[in-house]
Amino acid sequence: MARSRNGSGLTQMLAERGLSQTDLASILDVDRSQVSRYVNGFSDPTLSGFRAMREALGVTADALLAAIDKAKPRHRRRRAA
């Protein structure tokens, strides 16, 4: 299934804050390719990584979860409870 190419929620959050994937990788102390996997919906951050990402981006946990979910291919998205 094709994903939307209008940018993930994480891409938008980074752009709004003037951060690159490399900047976020440095903040999280992970490789830039790992951040790319988050942005493209192929991997989820660990709990500690999620917390650090939330703090670095200055967003709520709900907003970050929504951004991460938006990046995922449709068949991998969380279902609303």
One residue from 33, 43 being modelled with pLDDT of 90 or more, in a helix (DSSP H, G or I) and either surrounded by fewer than 15 Cβ atoms within 10 Å (Cβ to Cβ) or out of contact with any Leu (no Cβ under 8 Å at 6 or more places or on another chain) (or both): 33
Considering only segment 55-68, I want to know if a residue exists there that is at pLDDT 90 or above, surrounded by 13 or more Cβ atoms within 10 Å (Cβ to Cβ) and part of a loop (DSSP other than H, G, I, E, B). yes
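The values are calculated or read from the model by the stated rules, or taken from the named source; none is laboratory data. The shown structure was predicted, so the numbers you read here are calculated from the model rather than taken from an experiment. Note: ideal-geometry Cβ built from the backbone for every residue, glycine included; neighbour counts use all protein chains shown.
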